[in-house]
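*Asks:* My questions will all concern the structure given below.
The values are calculated or read from the model by the stated rules, or taken from the named source; none is laboratory data. Here the structure is a predicted model, which means the values were calculated and not measured. Here the Cβ is made from the backbone with ideal geometry for all residues, glycine too, and neighbour counts use every protein chain on show. Please note that ligands, DNA and RNA were not included when accessible areas were found on the heavy atoms of the full protein model with its side chains. Shrake-Rupley method; radii C 1.70, N 1.55, O 1.52, S 1.80 Å.
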Amino acid sequence: MQQLFDEVIGTPPPTAIDSRAIVRRDRRVRATLWSALGTTAIAAGLAVVVLVTGTGPAGTPPVGAPPADASVLPDNRLQLRSATREEAQVSAGPLKAALDAAVRAAVPSAQWDPKGFDITVIDYVSPLGWIGSAEVTNGGARGSVNVMLHGFSASMTIDPLTCATLATVPGKKADGQRGDNPASAPPCVDAKTASGKPVVTYTVNSKDVKRFEVRIGLADNRVMTVTSGGDDKTPALTLDQLVRIAQEATDRIK
């Protein structure tokens with residue numbers, strides 16, 4: 001059979017192809033490819049390390065850092081001014097808005113008079129201050145929340161506001177009302193708001209009246225007094241709710 005096959009196709013001519021050279025060239029090509037792939041893999045690994053570590057060229061901010069020119073949020077709190085009665089009158093409007101927002105944020109379950117606080121300037125004290133009230137219904141009880149905000153002279157520093165620092169303020173009584181001196185008031189209790197601001201509290205619980213009172217310090221040696229109750233044994237707001245109102249209000253005022 002082999003002889004017949006050879007006779008049909010004839011004797012093949014001698015090849016001019018160098019098989020050993022082809023094998024050598026193939027090996028060189030493969031070696032070059034593997035070398036290139038290895039270099040690419042190393043470069044990719046370095047890139048991953050750079051991305052993970054967040055290390056870049058000199059002066060590049062770390063990954064996740066805010067831009068260098070990021071703007072600082074403005075301080076939108078109310079700046080109370082009372083050098084003159086005219087200034088105090090101008091501040092009364094923004095103060096009313098701040099108090100209206102504060103009581104609704106602190107006690108959202110209560111029903112507040114749509115008119116909100118009625119704020120007037122206290123012009124018989126120095127420095128000048130503000131006073132006002134708002135009607136509220138809460139849990140079936142109806143009453144009012146009264147707010148007074150005034151300052152003390154520089155010689156009567158009350159920072160931080162505590163029962164002890166208030167005790168150094170001279171008491172002033174008029175028409176049978178107690179003054180600022182806690183010695184003429186119900187027991188004073190030091191407390192704090194949820195954010196850690198110091199407050200002092202009073203609880204009046206007599207035969208005819210139950211009333212809660214909270215005082216909290218502000219800038220410029222000022223004090224805000226928040227009172228709930230009156231000639232009623234069931235105040236519309238609890239002491240804890242008054243403390244929340246005091247915090248919400250002072251968060252809105254410088």
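*Asks:* Quick one: is residue 133 small (Gly, Ala, Ser), touching a residue at least 40 places away in the same chain (Cβ under 8 Å) and either part of a strand (DSSP E or B) or in contact with a Phe, Trp or Tyr (Cβ under 6 Å, 6 or more places away or on another chain) (or both)? It would help to see each step written out before you state the result.
*Replies:* On the way: small (Gly, Ala, Ser): yes; touching a residue at least 40 places away in the same chain (Cβ under 8 Å): no; either part of a strand (DSSP E or B) or in contact with a Phe, Trp or Tyr (Cβ under 6 Å, 6 or more places away or on another chain) (or both): yes.
Judged against the criteria, residue 133 is not a match.
*Asks:* Does segment 145-155 contain at least one residue that is in a strand (DSSP E or B), closer than 24 Å to residue 248 by Cα and modelled with pLDDT under 85?
*Replies:* Within segment 145-155, one or more residues are in a strand (DSSP E or B), closer than 24 Å to residue 248 by Cα and modelled with pLDDT under 85.
*Asks:* I need every pair where a residue in segment 72-85 that is more than 23 Å from residue 125 (Cβ to Cβ) and at pLDDT 80 or above has its Cβ under 7 Å from the Cβ of a residue that is surrounded by 10 or more Cβ atoms within 10 Å (Cβ to Cβ) and aliphatic (A, V, I, L, M), sequence separation at least 6 or different chains.
*Replies:* Pairs found: 77/253.
*Asks:* In this structure, is residue 125 under 25 Å from residue 219 (Cα atoms), open to solvent by 50 Å² or more (accessible area, probe 1.4 Å) and modelled with pLDDT under 80?
*Replies:* On the way: under 25 Å from residue 219 (Cα atoms): yes; open to solvent by 50 Å² or more (accessible area, probe 1.4 Å): yes; modelled with pLDDT under 80: yes.
So residue 125 passes the test.
*Asks:* Okay, next question. Evaluate the following for residue 140: is it of a type in the set (Gly, Ala, Ser) and open to solvent by 60 Å² or more (accessible area, probe 1.4 Å)? Quick ask: steps written out before the conclusion?
*Replies:* Values: of a type in the set (Gly, Ala, Ser): yes; open to solvent by 60 Å² or more (accessible area, probe 1.4 Å): yes.
Against the criterion (of a type in the set (Gly, Ala, Ser) and open to solvent by 60 Å² or more (accessible area, probe 1.4 Å)), residue 140 qualifies.
*Asks:* Given the conditions (1) more than 24 Å from residue 233 (Cβ to Cβ); (2) open to solvent by less than 60 Å² (accessible area, probe 1.4 Å); (3) outside any strand (DSSP E or B), report the number of the one that residue 103 does not fulfil.
*Replies:* (1)
*Asks:* Taking segment 200-242, which residues are of a type in the set (A, V, I, L, M), touching a residue at least 40 places away in the same chain (Cβ under 8 Å) and surrounded by fewer than 23 Cβ atoms within 10 Å (Cβ to Cβ)?
*Replies:* Restricting attention to segment 200-242, the residues satisfying the condition of being of a type in the set (A, V, I, L, M) are 200, 204, 209, 214, 216, 218-219, 223-224, 226, 236-237, 239, 242.
Cutting the leftovers down to touching a residue at least 40 places away in the same chain (Cβ under 8 Å) gives us 216, 218, 223-224, 226, 236-237, 242.
Once the filter is applied, which keeps residues that are of a type in the set (A, V, I, L, M), touching a residue at least 40 places away in the same chain (Cβ under 8 Å) and surrounded by fewer than 23 Cβ atoms within 10 Å (Cβ to Cβ), segment 200-242 yields 218, 223.
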